[in-house]
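Some notes on the structure that comes next.
The values are calculated or read from the model by the stated rules, or taken from the named source; none is laboratory data. Here the structure is a predicted model, which is why all the values come from computation and not from measurement. We place every Cβ from the backbone using ideal geometry, glycine too, and count neighbours over all the protein chains shown. Areas reflect the complete protein model, heavy atoms only, side chains present, ligands, DNA and RNA absent. Shrake-Rupley method; radii C 1.70, N 1.55, O 1.52, S 1.80 Å.
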Amino acid sequence: MARTVDSPERSRRKRIHYGLFIFGVFMVVAGVVMFFPAVQYEFQQNTSVDAEGQHVNQYDLLTPQEQRVVDGALSGETYVLETSKPIPGTTRIPLQPEHVKVNKQGTTYTFTYRLIFPATEPKGMATIALAVGGLLAMAEAVRRHHFPKSLPWQIS
(Lines give C-alpha, C1' and ligand atoms only; values in the text may rest on other atoms or scores of the structure.)
Protein backbone atom coordinates (compact mmCIF):
# COMPACT_ATOMS: atom_id res chain seq x y z
CA MET A 1 0.00 0.00 0.00
CA ALA A 2 1.29 3.47 -0.94
CA ARG A 3 2.09 6.03 1.65
CA THR A 4 -0.61 8.76 1.90
CA VAL A 5 1.13 11.19 4.24
CA ASP A 6 4.29 13.08 3.34
CA SER A 7 7.28 13.16 5.63
CA PRO A 8 7.42 16.10 8.05
CA GLU A 9 10.24 17.73 6.07
CA ARG A 10 8.37 17.45 2.76
CA SER A 11 5.16 18.79 4.38
CA ARG A 12 7.07 21.76 5.79
CA ARG A 13 8.54 22.56 2.35
CA LYS A 14 5.09 22.32 0.73
CA ARG A 15 3.66 24.76 3.27
CA ILE A 16 6.52 27.17 2.58
CA HIS A 17 5.98 26.92 -1.19
CA TYR A 18 2.23 27.48 -0.94
CA GLY A 19 2.76 30.32 1.52
CA LEU A 20 5.25 31.99 -0.82
CA PHE A 21 2.83 31.61 -3.72
CA ILE A 22 -0.07 33.12 -1.74
CA PHE A 23 2.19 35.94 -0.54
CA GLY A 24 3.06 36.64 -4.20
CA VAL A 25 -0.63 36.74 -5.13
CA PHE A 26 -1.27 39.28 -2.34
CA MET A 27 1.63 41.40 -3.57
CA VAL A 28 0.28 41.43 -7.14
CA VAL A 29 -3.20 42.35 -5.89
CA ALA A 30 -1.70 45.13 -3.74
CA GLY A 31 0.18 46.43 -6.81
CA VAL A 32 -3.05 46.55 -8.81
CA VAL A 33 -4.86 48.32 -5.97
CA MET A 34 -1.98 50.81 -5.56
CA PHE A 35 -2.13 51.65 -9.28
CA PHE A 36 -5.32 53.72 -8.95
CA PRO A 37 -4.10 56.13 -6.23
CA ALA A 38 -0.80 56.53 -8.10
CA VAL A 39 -2.47 57.76 -11.31
CA GLN A 40 -2.14 61.48 -11.92
CA TYR A 41 -3.69 64.01 -14.32
CA GLU A 42 -1.67 66.22 -16.63
CA PHE A 43 -3.32 69.52 -17.63
CA GLN A 44 -1.92 71.95 -20.21
CA GLN A 45 -3.04 74.37 -22.89
CA ASN A 46 -3.69 72.72 -26.25
CA THR A 47 -1.76 74.21 -29.14
CA SER A 48 -3.91 72.77 -31.92
CA VAL A 49 -6.92 74.76 -33.06
CA ASP A 50 -9.12 71.78 -33.96
CA ALA A 51 -10.18 70.08 -30.77
CA GLU A 52 -13.38 68.16 -30.34
CA GLY A 53 -15.79 68.92 -27.54
CA GLN A 54 -18.87 71.10 -27.76
CA HIS A 55 -19.27 72.17 -24.14
CA VAL A 56 -17.54 75.45 -23.27
CA ASN A 57 -16.95 76.34 -19.62
CA GLN A 58 -17.37 80.00 -18.68
CA TYR A 59 -14.32 81.31 -16.82
CA ASP A 60 -16.46 83.40 -14.43
CA LEU A 61 -18.40 80.30 -13.29
CA LEU A 62 -15.28 78.29 -12.38
CA THR A 63 -14.13 77.89 -8.80
CA PRO A 64 -11.09 79.91 -7.70
CA GLN A 65 -8.96 76.76 -7.74
CA GLU A 66 -10.07 75.94 -11.30
CA GLN A 67 -9.39 79.55 -12.35
CA ARG A 68 -5.83 79.33 -10.94
CA VAL A 69 -5.20 76.14 -12.92
CA VAL A 70 -6.59 77.70 -16.12
CA ASP A 71 -4.55 80.90 -15.64
CA GLY A 72 -1.39 78.87 -15.01
CA ALA A 73 -1.99 76.76 -18.10
CA LEU A 74 -2.55 79.92 -20.15
CA SER A 75 0.85 81.19 -18.99
CA GLY A 76 2.47 78.00 -20.31
CA GLU A 77 2.62 75.81 -17.21
CA THR A 78 1.86 72.10 -17.31
CA TYR A 79 0.14 70.85 -14.18
CA VAL A 80 0.41 67.33 -12.85
CA LEU A 81 -2.43 66.87 -10.37
CA GLU A 82 -3.30 63.99 -8.07
CA THR A 83 -7.05 64.37 -8.63
CA SER A 84 -9.17 65.78 -11.44
CA LYS A 85 -10.98 68.10 -9.01
CA PRO A 86 -9.30 71.39 -10.07
CA ILE A 87 -9.71 70.61 -13.78
CA PRO A 88 -12.79 72.43 -15.11
CA GLY A 89 -15.57 70.33 -16.61
CA THR A 90 -14.09 66.90 -15.85
CA THR A 91 -16.54 64.26 -14.77
CA ARG A 92 -14.88 61.02 -15.85
CA ILE A 93 -11.47 59.40 -15.99
CA PRO A 94 -10.03 59.89 -19.49
CA LEU A 95 -8.54 56.81 -21.12
CA GLN A 96 -7.52 58.97 -24.08
CA PRO A 97 -6.45 62.63 -23.87
CA GLU A 98 -9.54 64.80 -23.34
CA HIS A 99 -10.10 68.41 -24.35
CA VAL A 100 -11.61 71.11 -22.16
CA LYS A 101 -12.75 74.46 -23.54
CA VAL A 102 -12.89 77.60 -21.40
CA ASN A 103 -14.30 80.95 -22.52
CA LYS A 104 -12.37 83.78 -20.87
CA GLN A 105 -13.33 87.35 -21.81
CA GLY A 106 -14.76 86.33 -25.19
CA THR A 107 -11.85 84.10 -26.21
CA THR A 108 -12.22 80.33 -26.14
CA TYR A 109 -9.13 78.44 -25.02
CA THR A 110 -8.68 74.71 -25.39
CA PHE A 111 -6.84 72.62 -22.81
CA THR A 112 -5.84 68.97 -22.81
CA TYR A 113 -5.82 66.68 -19.82
CA ARG A 114 -4.77 63.06 -19.69
CA LEU A 115 -3.91 60.30 -17.28
CA ILE A 116 -0.27 59.61 -16.54
CA PHE A 117 1.42 57.00 -14.39
CA PRO A 118 4.37 58.44 -12.44
CA ALA A 119 6.81 55.53 -12.67
CA THR A 120 9.70 57.55 -11.23
CA GLU A 121 7.88 58.84 -8.15
CA PRO A 122 7.59 56.87 -4.90
CA LYS A 123 3.97 55.82 -5.46
CA GLY A 124 4.73 54.59 -8.96
CA MET A 125 7.90 52.78 -7.93
CA ALA A 126 6.08 51.11 -5.02
CA THR A 127 3.33 49.95 -7.37
CA ILE A 128 5.82 48.51 -9.83
CA ALA A 129 7.87 46.90 -7.06
CA LEU A 130 4.81 45.22 -5.57
CA ALA A 131 3.65 43.82 -8.89
CA VAL A 132 7.08 42.62 -10.03
CA GLY A 133 7.95 41.28 -6.57
CA GLY A 134 4.68 39.38 -6.43
CA LEU A 135 5.24 37.83 -9.84
CA LEU A 136 8.77 36.83 -8.85
CA ALA A 137 7.56 35.30 -5.57
CA MET A 138 4.91 33.30 -7.42
CA ALA A 139 7.43 32.11 -10.02
CA GLU A 140 9.92 31.14 -7.34
CA ALA A 141 7.27 29.20 -5.41
CA VAL A 142 6.34 27.26 -8.54
CA ARG A 143 10.01 26.65 -9.36
CA ARG A 144 10.77 25.38 -5.85
CA HIS A 145 7.72 23.15 -5.76
CA HIS A 146 7.96 21.57 -9.21
CA PHE A 147 11.71 21.82 -9.96
CA PRO A 148 13.49 21.62 -6.59
CA LYS A 149 16.83 20.50 -8.02
CA SER A 150 17.09 23.19 -10.72
CA LEU A 151 19.50 26.08 -10.55
CA PRO A 152 20.19 28.64 -9.13
CA TRP A 153 19.11 27.34 -5.70
CA GLN A 154 19.80 23.66 -5.45
CA ILE A 155 18.32 21.77 -2.53
CA SER A 156 20.56 18.97 -1.40
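Structure summary
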| quantity | calculated |
| --- | --- |
| Using a Förster distance of 41 Å, the FRET efficiency for SER150-GLU42 (Cβ separation, nearest 0.05) | 0.35 |
| Residue-averaged 222 nm ellipticity for the chain, from DSSP H runs of 4+ at -39500 (n - 2.57), nearest 500 | -15000 deg cm²/dmol |
| Dipole of the chain [Lys/Arg +1, Asp/Glu -1 at C-beta], most positive-end residue of GLN65, ALA30, SER11 | SER11 |
| Within a Gaussian network of the chain (alpha carbon springs, distance under 10 Å), most fluctuating of ARG13, ARG68, ARG144 | ARG13 |
| Test item: Cα-centred dipole of the chain, Lys/Arg +1 and Asp/Glu -1 on Cβ, debye | 1380 debye |
| Fraction of accessible area attributable to carbon and sulfur, the chain (%, probe 1.4 Å) | 61 percent |
| The chain - accessible surface per residue (Å², probe 1.4 Å) | 69 Å² |
| Length gained when the stretch GLU77-ILE93 is fully extended (0.36 nm per residue, less Cα-Cα span) | 3.6 nm |
| Rg to Rh quotient for the chain, alpha carbon positions, Kirkwood Rh | 1.32 |
| Whole-number percent relative contact order across the chain, with pairs defined as alpha carbons under 8 Å at least 6 apart | 37 percent |
| Spin-label pair MET125/THR63, simplified geometry with 7 Å Cα→Cβ offset, distance in nm | 3.2 nm |
